[in-house]
């Protein structure tokens, strides 16, 4: 008889817990279909997902002009001025290339 009463107490407490959990779940506000169960939604432009595909590998010794890498000796024309990618004699380091005006 004592086992039966302990078993009944356990069963009733389990049933009560399930009922409380179910009522809490149903009282929660419904989430939108696009957000799921999230607290913060950050809008990302489409370019953010494809930008890494177009990115050039990092250049250890290069000059950068308009987001393009140029190696030593390269010449570009900007606003009627010729620029050449050359070594900087005053700089010591791994990337000591700079743009100098070609006369």
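No value in this document is a laboratory result; all are computed from the given coordinates. None of the values given here were measured: they were computed from a predicted structure. Cβ atoms come from the backbone with ideal geometry, glycine included; neighbour counts cover every protein chain shown.
Assuming R0 = 41 Å, can you tell me the calculated FRET efficiency for the pair residue 91 and residue 38, based on Cβ-Cβ distance, to the nearest 0.05? Show your work: numbers first, answer last.
Numbers: r = 48 Å, r/R0 = 1.18.
After rounding to 0.05, the efficiency reads 0.25.
According to the square roots a ≥ b ≥ c of the eigenvalues of the Cα gyration tensor, what is the shape class of region 59-103, taking rounded for a/c under 1.5, prolate for a/b larger than b/c otherwise, and oblate for the remainder? Please report the intermediate quantities before stating the final value.
Working: a/c = 2.61, a/b = 1.42, b/c = 1.83.
Because a/c hits 1.5 or more and a/b fails to exceed b/c, region 59-103 counts as oblate.
Between residue 75 and residue 47, what is the FRET efficiency for a Förster distance of 35 Å, r being their Cβ-Cβ separation, to the nearest 0.05? Intermediate results must be reported in sequence, preceding the final value.
Details: r = 31 Å, r/R0 = 0.87.
It comes out at approximately 0.70.
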